[in-house]
Structures are given as structure tokens and as C-alpha cells.
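Sharing a structure, written as C-alpha cells. Questions coming.
The values are calculated or read from the model by the stated rules, or taken from the named source; none is laboratory data. Not measured: the values here are computed from a predicted model. Here the Cβ positions follow ideal geometry from the backbone for every residue, glycine too, while neighbour counts run over all protein chains shown. In case anyone asks, the SASA skips ligands and DNA or RNA and just uses the protein heavy atoms, side chains included. Shrake-Rupley method; radii C 1.70, N 1.55, O 1.52, S 1.80 Å.
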Amino acid sequence: MRILIHVHVSLLSSYNGNDKKNGIRGMKWHSFMETFNSLTSDASPDLVIIHLGSNDISFNNPHLLILNKMKSDIFLGMEKFQYTVFIFSELLSRRFWGRIEGWEGERKKLEIDKEIRILMRKRGGKVLNHQNIKWRDKSFFRGDGVHLTDKGNDIFIDDLLNFLKMICST
């Protein structure tokens, strides 16, 4: 099975045991298609997991601009690889979103997640949610209110692993 995992901190593509990893801390959505195309230039993955977009929320006003770009790019990726299973890992909650208040960022996150969830369902994709990571719970976040603590990371990784087990068993 060929799997491509695209996250805001790093990219990991595994092609029959040959792994490639490119770290991109603080990545924003505008880099997605270029990175996606470079990682898929030599082969079609069986599974693509996209975990990206949280860093864009406070920098895009209105946030509908980034939402439309996300929808367009995901659609193009799904068109390019019609036999690939695409999974959108919903945006993680945060206590702080940079230039905007916690609840305003959370509201934008929820709207983006909802719209991408609709697109994924229409196109046959899957959605991985992270309902157990609550923005109001300080124990999930480091002091900056953005990055996850060990506890938050454990929940995130458990969400991902359980979802992958479910996908691979069907």
C-alpha cells in the first residue's frame, strides 16, 4: 500500500517501505499543491491524508479565501488520483489563533471543517475528526496555546492510528 501523509509540520510518503520525509514547520495551504505534486510525481498513492490549514486561519481575512483554495486543491488532487482514498484530517482546535481570539478562530475552524467534510463526502473521501481535543482545555496545549502537549499529541496520534486501522480493515 502506498500512503502519503501531508501534515503542517512534516510530510511523510511511504512507497513500499521507502520513506521520504520533508519537514515544513509552520506550513500554510499555499504550499500544498506544489508539495503534493512533488511527492506524487513518481507514483500514485493508495491513500492520502491531509492535515493542513490551521496555520492559515488567522492570516486569511476573510477565511473564505483559504476555504475556496482548500476545496479547489483537494478537488484537483482527487481528480488527479481517482483511485486514491483521500482523507482530510480536520483542523485541530487551538487556544490562540495568532491575530484573532480563541472563539473566533474556533468558529472559523468549524466552518472550514464543515465545508471540507461536505466536499469529501460528495467526492467519496473520508474525514478524520479530532473531537477529543477541546480548545478550552489547557491541558492539551503548550503555553503558546497552539502546539499540543504530550497529552494532546497522544490523543492526536491515537485518532490517526485508530482511523487508519479502520480504513485498512475495510
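Which lysines, on any chain, are close to residue 151 with Cα under 17 Å apart, when same-chain ones fewer than 8 places away are left out?
Once the sequence-local lysines are set aside, what remains near residue 151 is 134, 138.
Another question, if that's okay. May I ask you to compute the full-extension gain from residue 129 to residue 103, defined as 0.36 nm times their residue separation minus their alpha-carbon distance, rounded to one decimal in nm?
7.5 nm
As an exercise, identify the GluC sites (Glu not before Pro) in region 93-151 lying in DSSP coil whose Cβ has no more than 16 other Cβ atoms within 10 Å.
101
Tell me, what HN-Hα J-couplings in whole Hz come from the Karplus equation 6.51 cos²θ - 1.76 cosθ + 1.60 at θ = phi - 60° for each residue of region 69-75, using x for Gly and Pro?
For region 69-75, the Karplus-derived couplings read 5, 4, 4, 5, 5, 5, 4 Hz, x marking Gly and Pro.
Just subtract the alpha-carbon distance of residue 151 and residue 139 from 0.36 nm times their residue separation and send over the number in nm, one decimal.
Details: separation 12, 0.36 × 12 = 4.32 nm, distance 0.72 nm.
Gain on stretching residue 151 to residue 139: 3.6 nm.
Can you compute the FRET efficiency between residue 41 and residue 71 using 1/(1 + (r/R0)^6), with r the Cβ-Cβ distance and R0 = 35 Å? Round to the nearest 0.05.
Values: r = 23 Å, r/R0 = 0.66.
After rounding to 0.05, the efficiency reads 0.90.
To continue, here is another question. Can you grab the distance from the C-alpha centre of region 28-59 to the C-alpha centre of region 108-159, Å, no decimals?
Result: 17 Å between the Cα centres.
Do any trypsin sites (Lys or Arg not before Pro) in region 73-169 lie in a loop, going by DSSP, with at most 12 other beta-carbon atoms within 10 Å of their beta carbon, and if so which?
Counting only loop positions with at most 12 other Cβ atoms within 10 Å, the trypsin sites (Lys or Arg not before Pro) in region 73-169 are 99, 136.
Tell me the per residue accessible area of region 58-170 using a 1.4 Å probe; a whole number in Å² is fine.
58 Å²
Relative to the present Cα-Cα distance, how much length would full extension add between residue 30 and residue 80 at 0.36 nm per residue of separation? Don't skip to the end; give the middle numbers.
Details: separation 50, 0.36 × 50 = 18.00 nm, distance 1.83 nm.
That works out to 16.2 nm of additional length.
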